[in-house]
Amino acid sequence: AASRCRGAAIMLSWLVLLALAEAAPPPYTRMEREAAPQLTIIPRRQRQCAQACVRKGDGYVYAQHLRKAGGTLLRTYLAMYRCAPLRQAMSATQLYRLPRGFPREGTAPAAAQESLAFNTQNFLLRPATVYITLIRHPVDRIESLYFFEGKWPQKSYRRTEDTAIPLEKWLRKVRATSKRRSWGSQNHLKQRGAFPLRQRIWDEVSEYYVQIFSGVAAEATDKHLDVAKSVLDNFDAVLILERLSTEEGRDEAEALLRKLLPTPRVERACPPRLPLHKVNEGSVRKRAEPLSREDRLRIVALNPLDLELYRHAVTVHKERVVEVMGPCRVRTNCTSVRDRDLNLIWGEGALRSCGRMVYRSGRAGCRA
């Protein structure tokens, strides 16, 4: 009887293992492994060739939208760059529901990505692309995120101290989600032989920037930081939100963007500008008072690597402002796309933002 029980137990264990094997996703193909984030240092690329492609209206423009770091300002600028001036009168409702605008002559396709981490293999799969981002001090970003959708739900209009979620409780909740995401990424690596092709990172209060730019959801280490630094070194523009608070800083950023994303002389109506007004700050989202010093120090303790990456981003921005690029001396096919089905430059196309971010703004000159 005992031997029959042992035999039944062994048979049951084999059946369980077989079921798990069938349920597990198949390993990545060779092409998928090559397209997945590698978590390795990215060598410096020849950025002048991609910039030459975009100046001709070819190539591509990719913006990494960082949550609560001024990303909507960047998306608005991209929409102003890409969308042709409006040629007919439309109501505000019609403009908001406009599914797609018309491309401005001589501009390159552009998209912004907010929910997915940057995939480091983009530099290989789309070499004829200009990469830009806008970054903010990590502590200020998390403080803004907390008051935006942490202290109360984002769409809650009944905001009282009785319904408010304390910062510490919110931090614990977000970090628990982050740990599950990190475990899922490592488990994906074990099962499929590579990190996820699409790594979604939405709510994060610890080392958000390092995870976004290393392309891997993880409890970040110095290795992740080094990879993230090498990625920013390959971006064509790394703007700093704090610099945009002054007219000098705004002019400096716009001059850099105009150099990278010029508009043809025949299409100078409604020139791209970084909006002067704040965005995503309605009356119900305004905070009554800032966080205490103790709360800010608690956030600092969670983000030592992000603080170092932010300082590196400031250095990269200063270099880009004074940089003078030489001509492209390599024959470049600006319109080719390698492995289109694995290309990870996803996001909302700038033409889909025309109605929401450009035409409804009422700026003079936005109608042809």
**Item:** GLU248 versus ARG175: modelled label distance in nm, points set 7 Å from Cα along the beta carbon direction
**Value:** 3.9
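Note the per residue figure in Å³ for the convex hull of the C-alpha positions in the range 66-147. Show your work: numbers first, answer last.
Values: hull volume 11.0 nm³, N = 82.
So the per-residue Cα hull volume is 134 Å³.
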**Request:** Mind grabbing the base-10 log of I(q)/I(0) for the range 83-201 at q = 0.23 Å⁻¹? Debye formula, identical points on the C-alpha positions, no solvent, two decimal places.
**Result:** -1.28
**Request:** Just tell me which aspartates and glutamates come within less than 13 Å, Cα to Cα, of LYS155; anything on the same chain fewer than 8 places away is out.
**Result:** GLU281
**Request:** List, largest first, the extents of the alpha carbons of the range 162-216 along their principal axes, each in whole Å.
**Result:** 48, 21, 14
**Message:** Below 17 Å, Cα to Cα, which lysines can LYS179 reach? Residues fewer than 8 away in the same chain don't count.
**Reply:** LYS169, LYS190
**Asked** What is the list of residues in the range 216-235 whose amide nitrogen lies under 20 Å from a point 7 angstrom out from the Cα of THR315, following Cα to Cβ?
**Response** 221-235
**Request:** Can you spot the lysines whose alpha carbon is less than 23 Å from LYS318's alpha carbon? Ignore those fewer than 8 places along the same chain.
**Result:** LYS68, LYS229, LYS259
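For LYS223 and ARG273, what is the calculated FRET efficiency with R₀ set at 30 Å and r taken between the beta-carbons, to the nearest 0.05?
Details: r = 39 Å, r/R0 = 1.31.
Efficiency for this residue pair is about 0.15.
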**Asked** Given 0.36 nm per residue, what is the gain on full extension from MET90 to SER182 after removing their alpha carbon distance, in nm?
**Response** 28.5 nm
**Prompt:** Roughly how many Å is it from the Cα centre of the range 163-236 to that of the range 54-82, as a whole number?
**Reply:** 23
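Rule-based calculations on the coordinates, nothing more; no lab input. It should be emphasised that the depicted structure is a prediction, and the values quoted were computed from it without experimental measurement. Positions of Cβ are generated from backbone atoms using ideal geometry, with glycine treated the same way; all protein chains shown enter the neighbour counts.
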